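The values are calculated or read from the model by the stated rules, or taken from the named source; none is laboratory data. Worth saying up front: this structure is predicted, and the values here are computed from it rather than measured. Ideal geometry is used to build each Cβ from the backbone, glycine not excepted, and the neighbour counts take in all protein chains shown.
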Amino acid sequence: MRGTVLYGPRDVRFEERAFPKIMKPTDAIVRISAACVCGSDLWPYRGIQPIEQPTPMGHEYCGIVEEVGKDVRTIKAGQFVVGSFATSDNTCAICKHGYQSSCVQREFMSAAQAPFLRVPLADGTLVSTSDMPSKDLIPSLLTLSDVMGTGWFAADAANVKPGSTVGVVGDGAVGLLGVLSAKQMGAERIIAMSRHSTRQKLAREFGATDIVTERGEQGIARIKELTKGIGADSVLECVGTQESMMQAISSTRPGGYVGFVGVPHGVSLDLGQFFYTHVHLHGGPAPVRRYLPELIKLVLDGKINPGKVFDLTLPLDQVAEGYRAMDERRAIKALLHPNGTK
């Protein structure tokens, strides 16, 4: 088959790769119904996160199970499944505490930007739908594999409660779905930080009540102004830079919460300064598997439509254009259709 391989900065190729096979008895092979390009894929694409060798890409996926290993018990061939970007056995002590993305057997998924994918620890990583979903629901179900689950974790980690005031730093797909998550959790006021009109519009569709275009000290001052000088109860940090992290912490009221899910690059904290904020800080790789059953139900019941973040759809063999469009901010998120690619 052909799949996506990153060779170096801005060098994405769609080329021949080995067809995935069952390697362990707990594996499953999934025929991909849809995949996509993630904002975190742009770190190695831009050369900020170096790679040592040609690397298969893609960690967001949903599709139909083709084959399972002999020890797989709950996942069966023919089922439609959504899986996390991090594998988990869902039975270890860490998984039982709800942090499946730190499972003792965790592997980070790759190679999903292809027609077929091997998924380790299938029983603990994949969640099936009861019936085959309609095609119009597949984009929303795909987001649950990472960006919607990550936005949900950002809101959960930031302790979003009904009636609360929430700030969201970052207007990429995760930030926008953080807005949707905060709305679903009952936030009364949601302040989205964005300078881009198309993203501002989608943020408002998802539930944002205020838009802040300023950044840095001016952005912090604006949020303080909107919250009567106090700061937001909860702030979702969805970027991963020094500026975004400090903006999140400084925009939070004393005793408030920051949920940080942007993969940190060059971020450091002055604990002496942080000590006096009384801000709770919690985050990391989202335990998507914890949320999958609830989020799948919300999508299938028509309560949320996170698939709206996809504003570019391409056949899988044009994946390089998906990377370019997101890198140049011509697209929020690129959906990839295998279209019978083998």
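Figure legend. Inter-residue proximity from the stretch 316-329: first residues free of Cβ contacts under 8 Å to residues at least 60 places away in the same chain, second residues surrounded by 18 or more Cβ atoms within 10 Å (Cβ to Cβ) and among the polar types (S, T, N, Q), beta-carbon distance below 9 Å, spacing 6+ or different chains. No pairs are indicated.
Tell me, please, whether a residue that is among the aromatic types (Phe, Trp, Tyr) and either touching a Ser or Thr at 6+ places or on another chain (Cβ under 8 Å) or in a loop (DSSP other than H, G, I, E, B) (or both) can be found in the stretch 254-275. Write out each step before concluding.
Keep residues of the stretch 254-275 that are among the aromatic types (Phe, Trp, Tyr), which gives 257, 260, 274-275.
Still in the list and also either touching a Ser or Thr at 6+ places or on another chain (Cβ under 8 Å) or in a loop (DSSP other than H, G, I, E, B) (or both): 257.
For the stretch 254-275, residues among the aromatic types (Phe, Trp, Tyr) and either touching a Ser or Thr at 6+ places or on another chain (Cβ under 8 Å) or in a loop (DSSP other than H, G, I, E, B) (or both): present.
When VAL309, VAL299, VAL279 are screened for being modelled with pLDDT of 95 or more and not assigned by TED's automatic domain parsing to the domain that holds GLU15, only VAL279 passes. Here ALA203, ALA248 are screened, and the one residue that is over 17 Å from the mean Cα position of the chain (by Cα), at pLDDT 95 or above and buried (at least 22 other Cβ atoms within 10 Å of the Cβ) is ALA248. A residue that is without any contact (Cβ under 8 Å) to a residue 24 or more places away in the chain and of a type in the set (S, T, N, Q) can be found somewhere in the stretch 50-59.
Going by the structure shown, is LYS308 crowded, with 22+ Cβ neighbours inside 10 Å, among the charged types (D, E, K, R) and closer than 27 Å to VAL12 by Cα? Please lay out each step first, then the result.
Numbers: crowded, with 22+ Cβ neighbours inside 10 Å: no; among the charged types (D, E, K, R): yes; closer than 27 Å to VAL12 by Cα: yes.
Considered against the rule, which asks whether it is crowded, with 22+ Cβ neighbours inside 10 Å, among the charged types (D, E, K, R) and closer than 27 Å to VAL12 by Cα, LYS308 comes out as no.
State which residue is farthest from the chain's Cα centre (by Cα) when the search covers only the stretch 110-131 and only residues that are polar (S, T, N, Q) and outside any loop (DSSP other than H, G, I, E, B). Explain how you work it out, then say what you get.
Step one: list which residues in the stretch 110-131 are polar (S, T, N, Q), which gives 110, 113, 125, 128-130.
Okay, now just the ones that are also outside any loop (DSSP other than H, G, I, E, B), so 125, 128.
Working: THR125: 16, SER128: 19 Å.
Result: SER128.
Remark: pairs (first residue in the stretch 129-143, polar (S, T, N, Q); second residue in a helix (DSSP H, G or I) and buried (at least 18 other Cβ atoms within 10 Å of the Cβ); Cβ separation under 7 Å; 6+ apart in sequence or on different chains) = THR129/ILE296; SER140/VAL299; SER140/PRO306; SER140/GLY307; THR143/LEU177; THR143/PRO306; THR143/GLY307; THR143/VAL309. Considering (1) within 26 Å of CYS38 (Cβ to Cβ); (2) surrounded by 17 or more Cβ atoms within 10 Å (Cβ to Cβ); (3) free of Cβ contacts under 8 Å to residues at least 40 places away in the same chain, say which one VAL160 fails and leave the rest. Just one mismatch for VAL160, condition (3).
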